[in-house]
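Asker: After the structure tokens below, expect a handful of questions from me.
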Amino acid sequence: MSMPEFAIIDAPSILGLRPSGVENLPEALKAAGLLEALNAQYLGRIQPLISYSSERDRATQLLNGNAIRVFSLQLAESMTEVLSKRNRFIIVLGGDCSIIIGTLLALRRLGRYGLFFIDGHADFYQPEASVTGEVADMDLAIVSGRGPNILTDIDGLRPLVKDEDIVVFGYRDAEQAASYGSQDVIDTNMQVYDLSRVKKLGITNASSFAIRKLLGNETDGFWIHLDADVLDDSIMPAVDYRLEGGLSFSELSDLLRTINSSGHVVGMSITIFNPSLDLDKSIARKFVSSIVDGLLKTS
């Protein structure tokens with residue numbers, strides 16, 4: 001399998017969270033050497049057209065629902081030409097997790113694509129169960145077709161990804177989410193690997209099994225979503241919603257290596273890392289090193 005050409009797009013939207021510092025993720029990871037290490041082509045920055053609002057919509061119970069819809073359409077449009085080129089691996093640097101709506105909209109326009117969702121949280125809240133209304137805690141629900149039409153049915157393409165084409169990997173907030181009344185990702189046709197199951201099976205075994213099942217579906221490829229808070233809190237405290245436990249940097253590398261070796265990955269979004277909580281920039285360097293090792297080194 002030939003090594004793909006990497007291309008990077010900045011999408012520093014915080015519309016699904018708040019302006020806490022995650023909007024500086026792209027610059028922090030590039031300063032830590034991501035572009036050079038991957039020899040990636042830089043394709044520019046997609047900036048939200050509508051400013052952040054802290055006012056929750058009464059009808060949808062969402063924060064910035066319309067603004068996120070507009071940004072998702074912007075991002076999808078910017079990705080169209082890049083996705084048409086073969087042997088190209090796109091990396092979209094967030095921002096918060098709501099950016100996956102735009103990336104998966106772009107893919108949904110082209111065909112049937114899967115999602116390998118790597119996150120410390122399941123992000124499966126329904127709006128009425130969310131304390132904040134932040135779309136970053138319901139993005140998986142939205143891309144799988146659950147939630148207000150303003151985000152779930154953009155271009156009439158609901159769902160952006162089918163349940164059976166989704167792997168949920170590494171989350172550890174099930175007890176917390178249940179306490180708030182969140183719907184449960186277990187009650188779906190997705191492949192679900194919470195952190196305890198991942199640790200029991202081991203990273204390579206768990207991810208290999210998930211990939212085999214995903215490849216059995218008639219998809220045109222799949223997308224990786226990587227939320228920094230999937231990493232252990234002791235090594236990745238630079239996130240806004242912290243939870244004990246998580247993966248090590250080496251486990252993340254092994255996971256990305258296994259997924260990428262399938263030959264069916266078209267790209268990846270990276271979200272939630274907050275540089276304002278990484279004062280000496282050491283976490284960014286370790287995070288970038290882990291990602292690069294996973295994408296460049298073969299199994």
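The values are calculated or read from the model by the stated rules, or taken from the named source; none is laboratory data. Predicted model only: the values in this text are computed from it and were never measured. Reconstructed Cβ throughout: ideal geometry from the backbone, glycine too, with neighbour counts over all protein chains shown.
Asker: Across segment 261-288, what is the number of residues that are in a helix (DSSP H, G or I), free of Cβ contacts under 8 Å to residues at least 60 places away in the same chain and not charged (D, E, K, R)? Break it down stepwise before answering.
Answerer: Step one: filter segment 261-288 for residues in a helix (DSSP H, G or I), giving 275-277, 282-288.
Of the ones still in play, those that are also free of Cβ contacts under 8 Å to residues at least 60 places away in the same chain are 282-283, 286.
Then keep just the ones that are not charged (D, E, K, R); that gives 282-283.
Residues meeting the conditions: 2.
Asker: Cβ contacts < 6 Å: first residue under 14 Å from residue 152 (Cα atoms) and hydroxyl-bearing (Ser, Thr, Tyr), restricted to segment 57-81; second residue part of a helix (DSSP H, G or I) and modelled with pLDDT of 95 or more, any location; separation 6+ or different chain. Result?
Answerer: 72/101; 72/102; 72/105
Asker: Out of curiosity, is residue 250 in contact with a strand residue (DSSP E or B) (Cβ under 6 Å, 6 or more places away or on another chain), within 22 Å of residue 198 (Cβ to Cβ) and either assigned to a loop (DSSP other than H, G, I, E, B) or not aliphatic (A, V, I, L, M) (or both)?
Answerer: Spelling it out, it is not the case that residue 250 is in contact with a strand residue (DSSP E or B) (Cβ under 6 Å, 6 or more places away or on another chain), within 22 Å of residue 198 (Cβ to Cβ) and either assigned to a loop (DSSP other than H, G, I, E, B) or not aliphatic (A, V, I, L, M) (or both).
Asker: Then there is this: List pairs: first residue in segment 151-179 and more than 18 Å from residue 103 (Cβ to Cβ), second residue of a type in the set (Phe, Trp, Tyr) anywhere in the structure, Cβ distance under 8 angstrom, at least six positions apart or on different chains.
Answerer: Short answer, once both residue conditions are applied: 170/193; 177/124; 177/125.
Asker: Given (1) crowded, with 20+ Cβ neighbours inside 10 Å; (2) out of contact with any Leu (no Cβ under 7 Å at 6 or more places or on another chain); (3) more than 27 Å from residue 281 (Cβ to Cβ), identify the lone condition not met by residue 239.
Answerer: (3)
Asker: Being β-branched (Val, Ile, Thr), under 19 Å from the mean Cα position of the chain (by Cα) and within 18 Å of residue 5 (Cβ to Cβ) is the filter here; which residues of segment 271-299 pass it?
Answerer: 291, 292
Asker: Pairs under 7 Å by beta carbon, first residue free of Cβ contacts under 8 Å to residues at least 60 places away in the same chain and farther than 17 Å from residue 122 by Cα in segment 184-206, partner of a type in the set (Gly, Ala, Ser) and crowded, with 20+ Cβ neighbours inside 10 Å, six or more apart or different chains?
Answerer: none
Asker: Sticking with this structure for a sec: Collect the residues in segment 84-109 that are farther than 17 Å from residue 30 by Cα, over 9 Å from the mean Cα position of the chain (by Cα) and at pLDDT 95 or above, keeping them in residue-number order.
Answerer: Correct list: 101, 102, 103, 104, 105, 106, 107, 108, 109.
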